[in-house]
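Written out below as structure tokens is the structure these notes cover.
The values are calculated or read from the model by the stated rules, or taken from the named source; none is laboratory data. Quantities reported herein were computed from a predicted structural model and do not represent experimental measurements. Every residue, glycine among them, receives a Cβ derived from its backbone with ideal geometry; neighbour counts consider all protein chains shown. What goes into the accessible areas is simple: the full protein's heavy atoms, side chains included, and nothing from ligands, DNA or RNA. Shrake-Rupley method; radii C 1.70, N 1.55, O 1.52, S 1.80 Å.
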Amino acid sequence: MADCIFCKIIAGEIPAAKVYEDELVFAFLDIGPINFGHTLVIPKEHHESSATIPETTAGRMFRVGARIGIALKRKFEWDAFNLHLADGTAAGQVVMHAHLHVIPRGVEDGFHWNWRQLRYEEGKAAEIARELSMRVAADLN
Ligand code: AMP
Ligand code: ZN
């Protein structure tokens, strides 16, 4: 897409620190890393949402992301990694070309996810799961 910053990176029109490239995906360092080595894996084809990425490409993104996470551990001695994808503005997506974050993590890296955990009222979880499963089945079939 013409005015997409990540499409421009793939095309070489904007510089980026490339980590990996194949026929389906491109990976490069995030310009504002949570920890050094924080990498973004993107489909070469422009997709705003993760939901429209073809299955083979989406699978490749996940596989490459996980292998980059392992490489970050082996080469730079990180303890672990997070894979993160924000789909939609309310979820924190800023660049509207789908991207998988690979974030190297250390036991004492000082970064904390603010991950809250609510509680379901009696029967509510079963109700939501039932309605959601019907919708997912309808959409996937
Ligand atoms: P998100 O909030 O999930 O949309 O993440 C967008 C990410 O893209 C942010 O972490 C930015 O630091 C990163 N980013 C934006 N522009 C560039 C760029 N030109 N090169 C590398 N990373 C970028
Ligand atoms: Zn794009």
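Using a Förster distance of 41 angstrom, determine the FRET efficiency expected from the C-beta separation of residue 36 and residue 129, and round it to 0.05.
0.55
For segment 91-133, just say rounded, prolate or oblate: build the C-alpha gyration tensor, square-root its eigenvalues into a ≥ b ≥ c, call rounded for a/c under 1.5, and beyond that prolate if a/b exceeds b/c, oblate if not.
Cα axes put segment 91-133 in the oblate bin.
Restrict the search to segment 1-84; then list the GluC sites (Glu not before Pro) that DSSP places in a loop and that have at most 11 other Cβ atoms within 10 Å of their Cβ.
For GluC sites (Glu not before Pro) across segment 1-84 that sit outside H, G, I, E and B with at most 11 neighbouring Cβ atoms in 10 Å, the list reads 13, 23, 77.
Please compute P(r) over all alpha-carbon pairs of segment 5-115, binned at 10 Å starting from zero, and give each bin as a whole-number percent.
Going from the shortest bin to the longest, the percentages are 15, 48, 32, 6.
Considering the chain as a Gaussian network with a 10 Å cut-off on Cα pairs, which listed residue, 126, 11, 27, attains the greatest mean-square fluctuation?
Its mean-square fluctuation being the largest, the pick is 126.
If the reach is capped at under 22 angstrom between alpha carbons, list the lysines near residue 18, excluding any in the same chain fewer than eight residues apart.
Straight-line reach from residue 18, under 22 Å: 8, 44, 73, 75.
What does the accessible area of residue 3 come to, in Å² to the nearest 10, when a probe of 1.4 Å is used?
120
Relative contact order, percent, of the chain when contacts are C-alpha pairs under 8 Å separated by at least 6 residues?
Numbers: 182 pairs, mean separation 30.5, N = 141.
So the answer I get is 22 percent.
Quick one: helix 55-76 against the long Cα principal axis of the chain, what's the angle to the nearest 10°, folded into 0 to 90?
60
Looking at the chain, which longest stretch skips every one of the chymotrypsin sites (Phe, Trp or Tyr not before Pro) that is in a DSSP loop with at most 15 other Cβ atoms within 10 Å, leaving the sites themselves out? Display every interim value, and only then the final one.
Working: sites that count: 36, 111, 113, 115, 120.
Result, exposed sites excluded: 37-110.
Mind pulling the angle between the C-alpha long axis of helix 124-140 and the longest principal axis of the chain? Nearest 10 degrees, somewhere in 0 to 90.
Rounded to the nearest ten degrees, it is 60.
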